[in-house]
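Here the structure is laid out as structure tokens; the discussion comes afterwards.
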Amino acid sequence: MEHMVSIIAVVAAGVIGGMAAAFLLRPIRAVRRSEKLARAQRDFHRQREQLEAKFIDRAAAGGKPRGLRWAEVEFDDDVIYVRDRKTRKLKALMEHVEAVSNVRAATAEFLFDGSRWCTDGRVYFNLAPSATVKYLSADLELVAEEHAVNRP
């Protein structure tokens, strides 16, 4: 019986110790996550011009919607960062307006693989970035918003 009490005490101490460690490590993880996001944001702005050009090439090659000519595309300066709930990968959403026969607002999607940004040309037509996040709220969680006036 005494042996059983000792085992329960050791297990209880281990559980309490593990919970305390998890609680104490939470702020450290939050700081690391914040640093990773800041680095990803800096990298996005450094690569932005190339990413926009690659986006236009990939989106135009996709041929959707049929008959749309990707002529002059202007990107808004605001960026919304979201995390995919399934893959946990970071994404950047930017609004763009195509200067074609019928002007249409849409959201361009850029992907961060943990070390670099890329794009597959995915576009959400008729949705601003904030509306895209709401529409896809089951799949995306808002991480940060950058507005051109707030950017250094």
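Within 10 Å of each residue's Cβ, count the other Cβ atoms and sort Phe125, Phe44 from fewest upward.
Values: Phe125 12, Phe44 20.
Starting with the residue having the fewest Cβ neighbours, the order is Phe125, Phe44.
Read phi for every residue in the stretch 130-146 and hand back ³J(HN,Hα) as whole Hz from Karplus 6.51 cos²θ - 1.76 cosθ + 1.60, θ = phi - 60°, with x for Gly and Pro.
After applying 6.51 cos²θ - 1.76 cosθ + 1.60, I find 5, 5, 5, 4, 5, 4, 9, 4, 6, 10, 10, 10, 5, 10, 7, 10, 10 Hz.
Distance check, please: which entries in Lys54/Lys91; Lys54/Lys89; Lys86/Lys134; Lys36/Lys91 exceed 18 angstrom between their Cα atoms?
On the way: Lys54/Lys91 16 Å; Lys54/Lys89 20 Å; Lys86/Lys134 16 Å; Lys36/Lys91 13 Å.
The answer is Lys54/Lys89.
Which ordering of Tyr81, Tyr135, Tyr124 is given by a fewest-first count of other beta-carbon atoms within 10 Å?
On the way: Tyr81 21, Tyr135 13, Tyr124 18.
Arranged by neighbour count, lowest to highest, Tyr81, Tyr135, Tyr124 become Tyr135, Tyr124, Tyr81.
Values in this text are rule-based calculations from the coordinates and carry no lab data. What you see is a predicted model, and the numbers here were worked out from it, not measured in a lab. For neighbour counting, all protein chains shown are included, and Cβ atoms are generated from backbone atoms with ideal geometry for every residue, glycine included.
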